1. Take the range 30-72 and flag every residue that is among the β-branched types (V, I, T) and in contact with a strand residue (DSSP E or B) (Cβ under 9 Å, 6 or more places away or on another chain).
2. Does K29 satisfy the criteria of being exposed (fewer than 12 other Cβ atoms within 10 Å of the Cβ) and not in a loop (DSSP other than H, G, I, E, B)?
3. Can you tell me which residues in the range 61-77 are open to solvent by 80 Å² or more (accessible area, probe 1.4 Å) and part of a loop (DSSP other than H, G, I, E, B)?
4. Scanning for something in a helix (DSSP H, G or I), β-branched (V, I, T) and free of Cβ contacts under 8 Å to residues at least 60 places away in the same chain, does the range 40-60 turn up at least one residue?
5. Within the range 38-52, is there a residue that is charged (D, E, K, R) and either open to solvent by less than 90 Å² (accessible area, probe 1.4 Å) or touching a Ser or Thr at 6+ places or on another chain (Cβ under 9 Å) (or both)?
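The values are calculated or read from the model by the stated rules, or taken from the named source; none is laboratory data. Just so it is clear, the model here is predicted, and its values are computed rather than measured. Virtual Cβ from ideal backbone geometry, glycine too; neighbours counted across all protein chains shown. For accessibility, only protein heavy atoms count, side chains too; no ligands or nucleic acids. Shrake-Rupley method; radii C 1.70, N 1.55, O 1.52, S 1.80 Å.
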Amino acid sequence: MWGDIAIAFLLAFIVTFMATPYTIKIAHKVGAVDVPKDQRRMHKKAMPKFGGPAVILGFLVSVIYLLIVMSIENSINLFRN
């Protein structure tokens, strides 16, 4: 059980880490970028504001992995009547 949770955590980390550069490219294409216009801004260069989809993708992949593994191990019954 704990090994499966550790694998799910690592899977979420790897998927999010791999998806982040693609979401940065999409953010630049879509225009979801915070451009500093004055001195009140903390960043000095344009920062993408589109990291949510990468995090959600990592979460969904890990949850789907856990559901499949738990249903195979009969820890959870997804299709109970």
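1. V33, V35
2. Details: exposed (fewer than 12 other Cβ atoms within 10 Å of the Cβ): yes; not in a loop (DSSP other than H, G, I, E, B): yes.
Spelling it out, K29 is indeed exposed (fewer than 12 other Cβ atoms within 10 Å of the Cβ) and not in a loop (DSSP other than H, G, I, E, B).
3. Restricting attention to the range 61-77, the residues satisfying the condition of being open to solvent by 80 Å² or more (accessible area, probe 1.4 Å) are 64, 68, 72-74, 77.
Result: E73, N74, N77.
4. Within the range 40-60, one or more residues are in a helix (DSSP H, G or I), β-branched (V, I, T) and free of Cβ contacts under 8 Å to residues at least 60 places away in the same chain.
5. Going through the range 38-52, the residues charged (D, E, K, R) turn out to be 38, 40-41, 44-45, 49.
Checking which are either open to solvent by less than 90 Å² (accessible area, probe 1.4 Å) or touching a Ser or Thr at 6+ places or on another chain (Cβ under 9 Å) (or both) leaves us with 38, 41.
Among the residues of the range 38-52, at least one is charged (D, E, K, R) and either open to solvent by less than 90 Å² (accessible area, probe 1.4 Å) or touching a Ser or Thr at 6+ places or on another chain (Cβ under 9 Å) (or both), which makes the answer yes.
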